[in-house]
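In what follows, a single structure is set out as structure tokens and then discussed.
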Amino acid sequence: MQQPQQLRPMGIGRILDRSFQLYRTHFTTLAIIMLALYGPMAIVSMALATDSSNTTSGLMDTIRNGGIDGYLQSIESGEGAGLSGGAVLAMLLGFVLMLLLGPVSVAAIVHLVQAHLRGEEIPSAGELLKKGFRRLWPLTGSTLLYGIIMLGLYLLVVVAFAFAVGILFAAALSGTDAGAGPAMLLLVPAVIGVLLLITFFAVRWAFYLPFVALNESGTGVGASWRLTKGSFWRLLLLYLVLWILLAIFTGVLSLGSAAIFGGGVLNSLVDSLVSILIGSLWVLPYAIAFFDLRVRREGWGLETLLDGAQPYGGQTPPPPPASWGGGYGAPDRTDRSDESGSSGDGPRP
């Protein structure tokens, strides 16, 4: 059993550095978790891609041979290319698997990071998956709730923004508003502001999953909002830097895979495998940032750290200063003066 980690607030660089360290140290455990959960989804995606490729090929052949009239007639007769029932089923199955298994992978990695920070023995991949699946339905429900909230917010903001832009366009075309022209110049900053507004709420509510995984909250949305107070820009910058690093890394690997295997099925298989194996690099900074926020706001882990601490490093404590009276258990000055006063034959002159 390792010693508890020195828990103190971490910067962006420290969070990323610790994430990469954990990834290297526990690569096998993380790979098993990600392959067990995302492997089926990769197979479904490849099947869907193959089916879509066949559909597109059939469409082009039909148009080339019989023209658009022949393609429309083939659709009416049920013989033409179209979105097959298998493709629709694969899409729905992929969505369900992502909804069920995605949060479980996050929960498993959160438990791994928690064990590491507490100095506990890291559970096996099977144990981590069991811990994740024990909270399967709360994780799924909270993810659905988060998705519905973000979808509603997105629609509300987009509709309001589109309405405002429509008014500006109408005023500019009619020429009735002299300020419509300058207002149109603010369109780009307004778009950026809308995106930042949506991102703000997405980040503030995004740390709901660890609370649910650790069975500390039913949905975790409110707890995430309180936890991330005052940390939006730091968290946004963290994932911006992470996105740039992983985009460069995966881009280089994709180019290498395409150069070696070409553009066939084998290349798609290698790309899917690489995406699965590095998927935990997206989750590790998320989990570490969650515990970092708790250290900052709640002093999380201090009790565990103090309980595991060994005074003087297990060595014999140093002797007390001479001004203390010569050592532990020595009588204090009052006792010595009383003893010296009572031990004589009489009062001193």
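Quick one: how many residues across segment 114-130 are open to solvent by 30 Å² or more (accessible area, probe 1.4 Å) and small (G, A, S)?
2
What do you reckon, is I278 open to solvent by less than 80 Å² (accessible area, probe 1.4 Å) and over 19 Å from A213 (Cα atoms)?
Details: open to solvent by less than 80 Å² (accessible area, probe 1.4 Å): yes; over 19 Å from A213 (Cα atoms): yes.
So I278 fits the description; yes.
Looking at segment 208-241, which of its residues are touching a Ser or Thr at 6+ places or on another chain (Cβ under 8 Å) and in contact (Cβ under 8 Å) with a residue 40 or more places away in the chain?
Here is the first cut: in segment 208-241, the ones touching a Ser or Thr at 6+ places or on another chain (Cβ under 8 Å) are 208-209, 211-212, 218-221, 223, 235-236.
Within segment 208-241, Y208, L209, V212, G218, T219, G220, V221, L235 meet the criteria.
Would you mind stating whether V159 is within 34 Å of the chain's Cα centre (by Cα), surrounded by fewer than 12 Cβ atoms within 10 Å (Cβ to Cβ), assigned to a helix (DSSP H, G or I) and at pLDDT 75 or above?
Numbers: within 34 Å of the chain's Cα centre (by Cα): yes; surrounded by fewer than 12 Cβ atoms within 10 Å (Cβ to Cβ): yes; assigned to a helix (DSSP H, G or I): yes; at pLDDT 75 or above: yes.
So V159 passes the test.
Condition (residue is modelled with pLDDT under 85 and open to solvent by less than 30 Å² (accessible area, probe 1.4 Å)) applied to segment 242-254: is it met by at least one residue?
no
Being exposed (fewer than 13 other Cβ atoms within 10 Å of the Cβ) and among the hydrophobic types (A, V, I, L, M, F, W, C) is the filter here; which residues of segment 189-219 pass it?
Answer for segment 189-219, where residues must be exposed (fewer than 13 other Cβ atoms within 10 Å of the Cβ) and among the hydrophobic types (A, V, I, L, M, F, W, C): V191, I192, L195, L196.
Taking the conditions exactly as written (open to solvent by 60 Å² or more (accessible area, probe 1.4 Å), over 22 Å from L37 (Cα atoms) and without any contact (Cβ under 8 Å) to a residue 12 or more places away in the chain), does L151 satisfy them or not? If you could, list the steps in order and put the result at the bottom.
On the way: open to solvent by 60 Å² or more (accessible area, probe 1.4 Å): yes; over 22 Å from L37 (Cα atoms): yes; without any contact (Cβ under 8 Å) to a residue 12 or more places away in the chain: yes.
Considered against the rule, which asks whether it is open to solvent by 60 Å² or more (accessible area, probe 1.4 Å), over 22 Å from L37 (Cα atoms) and without any contact (Cβ under 8 Å) to a residue 12 or more places away in the chain, L151 comes out as yes.
The values are calculated or read from the model by the stated rules, or taken from the named source; none is laboratory data. Just so you know, these numbers come straight off a predicted model, no measurement behind them. For neighbour counting, all protein chains shown are included, and Cβ atoms are generated from backbone atoms with ideal geometry for every residue, glycine included. To get the accessible areas, we keep the full protein, side chains included, count just its heavy atoms, and leave off ligands, DNA and RNA. Shrake-Rupley method; radii C 1.70, N 1.55, O 1.52, S 1.80 Å.
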